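Trainee: The structure is given below, and queries will be raised subsequently.
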Amino acid sequence: MRMVDMLATTVVKDTTADTWHLWKSRAQFDASNLHNMAIGMVNSPRFVDKCKAVSNVVQSEWERIKGGPVPRVLSYFAMGWDTLIRVFDPKYYSDYPRELDEFFANGGRIAYSRRVGFPDADVDAFFARHEMATYLQYIFELKLPKRVKHISSSDVRVAVRDSTQSVRDIPPPFRFIGLI
């Protein structure tokens, strides 16, 4: 959570040309359908379990509050390149690739970014592997601005550790806040 906060603060404070301006008008934002988006934090260790937790909570809360059929929910998990590689490592699954297939079938999606030091050739070779063909449609690269591309999660952990600011504890298990 602190890493996301630090990155967001950096982006908001820095108004140079190398920044994330995705929408040029309110109409363009509205057309993007992002007003139907929620951001959540889940403390399950595996992305497969995180996705199940989100799906289960949305389904039960939708039925409780709105009734009727539950809309399809897509869960985009933001991660770095090194984490993306671990998502596809069979050692993290008791039944690989069935559990990974279930993650994507439940609406799991991956939005990853690469810091400096991950060459295009390595990325291309990873995605060219035969077993990746099924999953490519669910994986999206987020291009980082130059001013933050060098920051690693290790750097953030050190900054948090050495910070005089208070740092929040680990978030509780996934908790549903509400539906609009």
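Trainee: Quick check: at a probe of 1.4 Å, how many percent of the accessible area of segment 62-132 sits on carbon and sulfur atoms?
Mentor: 54
Trainee: Still on this structure, please answer the following. Going by average Cβ neighbours within 10 Å, how do the peptides 63-71, 143-151 rank, with the highest at the top? Write out the running numbers ahead of the final one.
Mentor: Numbers: 63-71: 10.1, 143-151: 13.8.
Final packing ranking: 143-151, 63-71.
Trainee: To continue, here is another question. May I ask for the net charge around residue 126, where only other residues with Cβ less than 15 Å from the Cβ of residue 126 are counted and Lys, Arg are +1 while Asp, Glu are -1?
Mentor: Values: positive: 86, 114, 129; negative: 82, 89, 120, 122, 124, 131, 141.
The answer is -4.
Trainee: Sticking with this one: Report the dimensions of segment 84-150 along its three principal axes from the alpha-carbon atoms, largest first, rounded to Å.
Mentor: That works out to 39, 23, 20 Å along the principal axes.
The values are calculated or read from the model by the stated rules, or taken from the named source; none is laboratory data. For clarity, every value in this text was computed on a predicted model and none was experimentally measured. Glycine gets a Cβ as well: all are built from the backbone with ideal geometry, and neighbour counts include every protein chain shown. To get the accessible areas, we keep the full protein, side chains included, count just its heavy atoms, and leave off ligands, DNA and RNA. Shrake-Rupley method; radii C 1.70, N 1.55, O 1.52, S 1.80 Å.
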